[in-house]
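Remarks on the structure that follows.
The values are calculated or read from the model by the stated rules, or taken from the named source; none is laboratory data. Bear in mind that the values here come from a model prediction, so they are computed numbers and not experimental data. All Cβ positions, even for glycine, are placed from backbone atoms using ideal geometry, and neighbour counts span all protein chains on display.
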Amino acid sequence: MYKKIAITNRNLCSDLPRQIEKLHSSDYDIIILREKDLGCDEYLKLAKKAIEISDKIILHTYIDVCEELNYKRIHLPYRSFIENAERIKDYEIKGVSIHSVDEAVRAAELGADYVTASHIFKTACKAGLEPKGTKWLSDVCKAADIEVYALGGIKSENINECINAGADGVCMMSEAMYL
């Protein structure tokens, strides 16, 4: 069995807290609150509300918000993780966005619990950038000694390609926000 991770994007739904309620009651295992364009104060308010709604929440980017809320679940871009690995070493969940096999291996060495490997398929979020594909995903899965979740252009019809490549699960934004 594989895990399904929802990546939030409040611009794709009319009411993000309501969408989080739907995701909480669905077959999604994790909800990454990825509203990285918000200011810290706005994100803090949203994070409080999201955590009240669901125990599936992992915060994204804002380590200071995690510390203010004493919340020990974070997902970080690779560079931010490298710079803050020591600071978050005692967190219960540490996820990292990676874009190379070497980044996946290094994230694992520094204590990441999982990585999101992207982008696998063509996606509007990465318009103009060539997708890395399932062969690359397979290489990441073989090299990393932690859970690997496929990200980028994942839809219901291509999930099995990711799982067959060795991924422990998939991350979905569009389908999760239109649930």
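Residue by residue through segment 31-66, note down the ones that are among the basic types (Lys, Arg) and farther than 20 Å from CYS171 by Cα.
Passing the criteria: LYS45, LYS48, LYS49.
May I ask you to say which residue of TYR78, TYR114, TYR62, TYR71 is over 16 Å from the mean Cα position of the chain (by Cα) and either at pLDDT below 95 or of a type outside the set (A, V, I, L, M, F, W, C) (or both)?
The conditions single out TYR71.
For segment 24-39, does any single residue satisfy the condition of being of a type in the set (Val, Ile, Thr) and touching a helix residue (DSSP H, G or I) at 6+ places or on another chain (Cβ under 6 Å)?
yes
Conditions first: (1) closer than 25 Å to CYS162 by Cβ; (2) surrounded by 18 or more Cβ atoms within 10 Å (Cβ to Cβ). ALA50 passes all but one, so which condition is the exception?
Among (1) closer than 25 Å to CYS162 by Cβ; (2) surrounded by 18 or more Cβ atoms within 10 Å (Cβ to Cβ), the lone unmet condition for ALA50 is (1).
Filter segment 16-30 down to the residues that are touching a residue at least 60 places away in the same chain (Cβ under 8 Å), within 21 Å of ASP168 (Cβ to Cβ) and not in a loop (DSSP other than H, G, I, E, B) and list them by number.
The one that is touching a residue at least 60 places away in the same chain (Cβ under 8 Å), within 21 Å of ASP168 (Cβ to Cβ) and not in a loop (DSSP other than H, G, I, E, B): LEU23.
Please go through segment 54-65 and give me each residue that is part of a helix (DSSP H, G or I) and either surrounded by fewer than 18 Cβ atoms within 10 Å (Cβ to Cβ) or not aliphatic (A, V, I, L, M) (or both), ordered by number. Please lay out each step first, then the result.
Here is the first cut: in segment 54-65, the ones part of a helix (DSSP H, G or I) are 63-65.
Of everything in segment 54-65, those that are part of a helix (DSSP H, G or I) and either surrounded by fewer than 18 Cβ atoms within 10 Å (Cβ to Cβ) or not aliphatic (A, V, I, L, M) (or both) turn out to be ILE63, ASP64.
Return yes when THR134 is within 22 Å of CYS13 (Cβ to Cβ), of a type in the set (Val, Ile, Thr) and surrounded by 16 or more Cβ atoms within 10 Å (Cβ to Cβ) and no when it is not. First the steps, then the outcome.
Numbers: within 22 Å of CYS13 (Cβ to Cβ): no; of a type in the set (Val, Ile, Thr): yes; surrounded by 16 or more Cβ atoms within 10 Å (Cβ to Cβ): yes.
The answer is no for THR134.
Which residues, counting only those in segment 1-15, are in contact (Cβ under 8 Å) with a residue 24 or more places away in the chain and among the small types (Gly, Ala, Ser)?
Residue satisfying the conditions is ALA6 alone.
Tell me which residues, restricted to segment 138-179, are touching a residue at least 40 places away in the same chain (Cβ under 8 Å), touching a helix residue (DSSP H, G or I) at 6+ places or on another chain (Cβ under 7 Å) and buried (at least 23 other Cβ atoms within 10 Å of the Cβ).
Scanning segment 138-179 gives VAL140, ALA144, VAL148, CYS162, ALA167, VAL170, ALA176.
Would you be able to tell me the number of residues in segment 106-140 that are closer than 23 Å to TYR91 by Cα and of a type outside the set (Val, Ile, Thr)?
10
I'd like to check something: does segment 34-44 contain any residue that is in contact (Cβ under 8 Å) with a residue 40 or more places away in the chain and within 23 Å of LYS155 (Cβ to Cβ)?
Checked against the condition, which is being in contact (Cβ under 8 Å) with a residue 40 or more places away in the chain and within 23 Å of LYS155 (Cβ to Cβ), segment 34-44 yields at least one hit.
Right, LYS89: surrounded by fewer than 16 Cβ atoms within 10 Å (Cβ to Cβ), of a type outside the set (S, T, N, Q), closer than 19 Å to GLY152 by Cα and free of Cβ contacts under 8 Å to residues at least 60 places away in the same chain or not?
Spelling it out, it is not the case that LYS89 is surrounded by fewer than 16 Cβ atoms within 10 Å (Cβ to Cβ), of a type outside the set (S, T, N, Q), closer than 19 Å to GLY152 by Cα and free of Cβ contacts under 8 Å to residues at least 60 places away in the same chain.
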